[in-house]
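Working notes for the structure below.
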Amino acid sequence: MDKLIIKGGKPLKGEVRISGAKNAALPIMTASILSSGKNTIYNIPNLMDVKTMGRLLSNMGAKFDHKDGLVTIDSSSINNFEAPYDLVKTMRASVLVLCPLVARFGRARVSLPGGCAIGARPINLHLMGLEKMGAKIQLESGYVIAKATRLKGASIYFDTITVTGTENLMMAAALAKGTTILENAAREPEVVDLANCLISMGAKIRGAGDSVIEIEGVEELKPIKNYEIIPDRIETGTFMAIAGITGGDLTLKDCRPEHLDAVVMKLKDTGVVFKETKKGLRVIGPKRLTAKDVKTIPYPGFPTDMQAQFMTMMTIANGTSVIKETVFENRFMHVAELKRMGADISIEGGTATIKGVNKLKGAPVMATDLRASASLVVAALCAEGETVIHRIYHLDRGYEKMDEKLRHVGADIERVTS
């Protein structure tokens, strides 16, 4: 099992290329199920979750290849409509095969999903939407079994905003008979990217990016042809945090700052400076950060996926900050590890209070989930001395070659295989 050894305490300077978005890549890869033929998708990051999705599609009979950012998926040979537990258990996004399978083939057997242990993320809204569209749903031995002759358009209201639920049902509706309305839909850029990809396949979708999405079903969709997914906004935000906490000067290439308005505004309040240049977005950290409060809410608010990184910044900021987590109920697991490095953090329910200290100190720590692992890297880069981060397979699920990118801008970081 790999670990990272980081000697921190120096500003990082240089250029970093932002990879394609994992959370856009995975649903767009499953959209290939909706058509018959060869699908080509560009800017796909080389991540464990992408490999897992590739294995899942291959297990269904698709021909999958991933090389140099290009993914090709031949979906014409799909003949197995099951997503087994041993593949699904490591990645919650596996549930995104459910609706495309039912929409195209009329049936699916999908294991209930797994992934990071950051709180309950049930798929009841996915199933509610499928049932409204005419599917018959059974839960049997940890599997969802769904069947439908052909899905029918329906009006679906989400009681709570769900990104994967919006994406799953948008794919179901693309091949359903009639018109589907999704209300209180997720507005994330990744949802818009999926909609744009589906439109390129021949889908009729209006309103993606707003809270109401209208989908008029069509008889069939064409394969995905040379679609390029958006840059990863959470990787972008993580490198913004790294520049800020180390007092660094990083230019982020191939990023979309407009997808991070809430993060940029909050980081500006802490003293981070942003400058747009011909090469990309330049991010300059201050001598010392200023403590600011933040509350996580669905897009376009401050993203829960940036909460741990922002908290890490606040551990050495001047003053006291309060962070309220409203999206997931168990997303403070990084706090115990940050405290091992000298952070002063107290937790009460979904609220964390952080009193800034002068510096963090290196220590052995353990990653517990994807974004927690990123926050520990952020902490280690500014800490005095050596930090050893264990269980970094979490990091490899969502960040492409992060250690190599950091080494390129001056970090003292080494990957060691135990």
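The values are calculated or read from the model by the stated rules, or taken from the named source; none is laboratory data. What you are looking at is a predicted structure, and each value in this text was computed from that prediction instead of being measured. Backbone-built Cβ (ideal geometry, glycine too); neighbour counts: all protein chains shown.
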Counting only residues that are buried (at least 24 other Cβ atoms within 10 Å of the Cβ) and not aliphatic (A, V, I, L, M), segment 87-103 contains a total of 3
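Take residue 414 and decide whether it is more than 22 Å from the chain's Cα centre (by Cα) and either farther than 20 Å from residue 315 by Cβ or outside the structural domain of residue 44 (by TED's automatic domain parsing) (or both).
Working: more than 22 Å from the chain's Cα centre (by Cα): yes; either farther than 20 Å from residue 315 by Cβ or outside the structural domain of residue 44 (by TED's automatic domain parsing) (or both): yes.
The answer is yes for residue 414.
Every residue, every condition in (1) crowded, with 21+ Cβ neighbours inside 10 Å; (2) on the phi < 0 side of the Ramachandran plot; (3) in the same structural domain as residue 94 (by TED's automatic domain parsing); (4) not β-branched (Val, Ile, Thr), yes or no:
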site	(1), (2), (3), (4)
132	no, yes, yes, yes
147	no, yes, yes, yes
175	yes, yes, yes, yes
195	yes, yes, yes, yes
199	no, yes, yes, no
218	no, yes, yes, no
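Go through segment 56-69 and give me each residue that's surrounded by fewer than 14 Cβ atoms within 10 Å (Cβ to Cβ) and either farther than 16 Å from residue 28 by Cβ or touching a residue at least 12 places away in the same chain (Cβ under 8 Å) (or both).
Initially, segment 56-69 is screened for residues surrounded by fewer than 14 Cβ atoms within 10 Å (Cβ to Cβ), giving 65, 67-68.
Hits for segment 56-69 are 67, 68.
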Give just the number: which of (1) closer than 23 Å to residue 10 by Cβ; (2) surrounded by fewer than 23 Cβ atoms within 10 Å (Cβ to Cβ) does residue 276 not satisfy? (1)
Test: residue in segment 367-382 that is over 22 Å from the mean Cα position of the chain (by Cα) and more than 28 Å from residue 50 (Cβ to Cβ): yes
Looking at (1) buried (at least 17 other Cβ atoms within 10 Å of the Cβ); (2) out of contact with any Cys (no Cβ under 9 Å at 6 or more places or on another chain); (3) farther than 30 Å from residue 410 by Cα, which one does residue 41 not meet, given that it meets all the others? (2)
